[in-house]
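In what follows, a single structure is set out as structure tokens and then discussed.
The values are calculated or read from the model by the stated rules, or taken from the named source; none is laboratory data. Bear in mind the structure is a predicted one, so any value in this text is a computation, not a measurement. When we count neighbours, we look across all protein chains shown, and the Cβ atoms used for this are built from the backbone with ideal geometry, even at glycine.
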Amino acid sequence: MENARKGSIVSRANSIGSTSASSVPNTDDEDSDCAQESPKETYKDQRRRAHTQAEQKRRDAIKKGYNDLQAIVPTCEQQDFSISSQKLSKAIVLQKTIDYIQFLHKEKKKQEEEVSTLRKDVMALKIMKVNYEQIVKAHQNNPNEGKNQISDEVKFNVFQGIMDSLFQSFNASVSVTSFQELSACVFSWIEEHCKPQTLRDIVIGVLHKVKSQLY
């Protein structure tokens, strides 16, 4: 009887111990699981933080770009004091920038045309300078020339002959569609038809014609 009672007590103790052991969590396994999950969460956090920083840098760069455009483009400055406190939208900044670039292109083209016109003016002045120098030189080489006075009618005939010859080429070369085109054509005509040698040939031809009429 004593042995049976001891066996029953041992059996109950074993049963209670088994139940208690089964109810206690496996500390080693959970520590292992936590150790595995923690790096994964940290890596995700790092990636999320890196993405957030990169996105912030991108937005800062875009914001700085728009601020620079507003500082560079004069038309982005607020002119209306009633809306001076309002910030220009990105779409407006871009449109004003495009308009300003187009304006600069037009100004550049206009300045290039002005430079071209000035160059033609310089060329015309050089041609006139050469012609006057030749006239002065011819007068210095023949100081007695011109003593025998001729009538104003003859001088007018000479002038008219020169102008008639020049007008023929002028009329054929110069367009009068607009004043700008007229100006450009005039300088082109001067460069082509008013060269010293060309003018010299015209004058010589007219003088021979007038001389033949006089004598």
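Within the set Glu107, Glu113, the sole residue that is surrounded by 11 or more Cβ atoms within 10 Å (Cβ to Cβ), part of a helix (DSSP H, G or I), without any contact (Cβ under 8 Å) to a residue 12 or more places away in the chain and acidic (Asp, Glu) turns out to be Glu113. Among the residues of region 80-103 satisfying the criterion of being aliphatic (A, V, I, L, M) and surrounded by 10 or more Cβ atoms within 10 Å (Cβ to Cβ), which is modelled with the lowest pLDDT? Going through the qualifying residues, I end up with Ile83. Of everything in region 135-174 that is assigned to a loop (DSSP other than H, G, I, E, B) and surrounded by 10 or more Cβ atoms within 10 Å (Cβ to Cβ), the residue that is modelled with the highest pLDDT is Val174.
Might you check whether a residue that is of a type outside the set (D, E, K, R), at pLDDT below 85, outside any helix (DSSP H, G or I) and on the phi < 0 side of the Ramachandran plot occurs anywhere in region 190-199? Yes: region 190-199 contains one or more residues that are of a type outside the set (D, E, K, R), at pLDDT below 85, outside any helix (DSSP H, G or I) and on the phi < 0 side of the Ramachandran plot. From Glu113, Glu107, Glu77, which residue is at pLDDT 90 or above and touching a helix residue (DSSP H, G or I) at 6+ places or on another chain (Cβ under 9 Å)? Residue meeting the stated conditions: Glu113.
Of note, Leu125 satisfies the criterion of being at pLDDT 85 or above and either in contact with an Asp or Glu (Cβ under 7 Å, 6 or more places away or on another chain) or at negative phi (or both).
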